[in-house]
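Visitor: Have a look at this one before I ask anything.
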Amino acid sequence: MADPARGRQAMSHFLGDENVERSRSFLEDLDPELHRYVIEFVYGAVYTGEVLDPKTRALCTVAMLACLDQQLQLGVYVRSAHRQGASEEEIREVLRQVAVYAGVPSA
């Protein structure tokens with residue numbers, strides 16, 4: 001069974017305490033069921049998985065968001081990658097890799 005407290009803790013770890021309440025409030029207003037899903041599954045199960053370390057997970061998220069041209073979320077997850085210990089050079093390297101496969105405008 002999903003543990004909402006674990007999801008909230010992971011969300012805070014990746015997004016930072018300063019962003020959690022605003023994000024949760026937005027999701028709750030948008031769709032309470034989606035909010036529950038994001039907290040319990042996305043953060044409570046996927047983001048707390050044991051195979052990828054948090055820095056690798058954050059860098060993968062940066063790459064995917066860049067490929068999808070999700071600029072607002074990309075900024076959030078670049079900060080998240082920093083929070084997880086990624087250096088500027090590691091983030092730049094991920095974006096160079098994005099340029100190769102998704103095109104320079106995406107990177």
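The values are calculated or read from the model by the stated rules, or taken from the named source; none is laboratory data. Because the structure is a prediction, the values reported are computed rather than measured. Neighbour counts are summed over all protein chains in view; Cβ atoms, including those assigned to glycine, are modelled from backbone coordinates with ideal geometry.
Visitor: Looking at the stretch 60-106, which of the residues that are touching a residue at least 24 places away in the same chain (Cβ under 8 Å) and among the small types (Gly, Ala, Ser) is surrounded by the fewest Cβ atoms within 10 Å (Cβ to Cβ)?
Guide: Looking at residues that are touching a residue at least 24 places away in the same chain (Cβ under 8 Å) and among the small types (Gly, Ala, Ser), I get 85.
Visitor: While we're here: Looking only at the stretch 1-21, count how many residues are more than 15 Å from the chain's Cα centre (by Cα) and either among the hydroxyl-bearing types (Ser, Thr, Tyr) or under 25 Å from residue 86 (Cβ atoms) (or both).
Guide: So the count comes out to 2.
Visitor: Let me ask something additional. Under 7 Å by Cβ, and 6 or more places apart or on different chains, what pairs join a residue from the stretch 11-36 that is farther than 16 Å from residue 61 by Cβ and without any contact (Cβ under 8 Å) to a residue 60 or more places away in the chain with one that is charged (D, E, K, R) and in a helix (DSSP H, G or I)?
Guide: Taking only residues 6 or more apart or on different chains, the pairs are 35/24; 35/28.
Visitor: Pick from 96, 57, 83, 79: which is of a type in the set (Lys, Arg) and more than 13 Å from the chain's Cα centre (by Cα)?
Guide: Just a single option satisfies the conditions, and that option is 96.
Visitor: Based on what the data block shows, is residue 73 in the same structural domain as residue 105 (by TED's automatic domain parsing), assigned to a helix (DSSP H, G or I), modelled with pLDDT under 95 and out of contact with any Lys or Arg (no Cβ under 9 Å at 6 or more places or on another chain)? Spell out the reasoning first.
Guide: Details: in the same structural domain as residue 105 (by TED's automatic domain parsing): yes; assigned to a helix (DSSP H, G or I): yes; modelled with pLDDT under 95: yes; out of contact with any Lys or Arg (no Cβ under 9 Å at 6 or more places or on another chain): yes.
Criteria met by residue 73.
Visitor: Another question about this same structure. Looking at 95, 59, which one is over 24 Å from residue 20 (Cα atoms) and at pLDDT 95 or above? Even if it seems obvious, please write down each step before you answer.
Guide: Numbers: 59 fails: over 24 Å from residue 20 (Cα atoms).
Being over 24 Å from residue 20 (Cα atoms) and at pLDDT 95 or above holds for just one of 95, 59, which is 95.
Visitor: So which residues in the stretch 17-69 are outside any helix (DSSP H, G or I) and either polar (S, T, N, Q) or under 30 Å from residue 101 (Cβ atoms) (or both), if there are any at all? If you could, list the steps in order and put the result at the bottom.
Guide: First, the residues of the stretch 17-69 that are outside any helix (DSSP H, G or I): 31, 47-53, 68-69.
47, 48, 49, 50, 51, 52, 53, 68, 69, listed by residue number.
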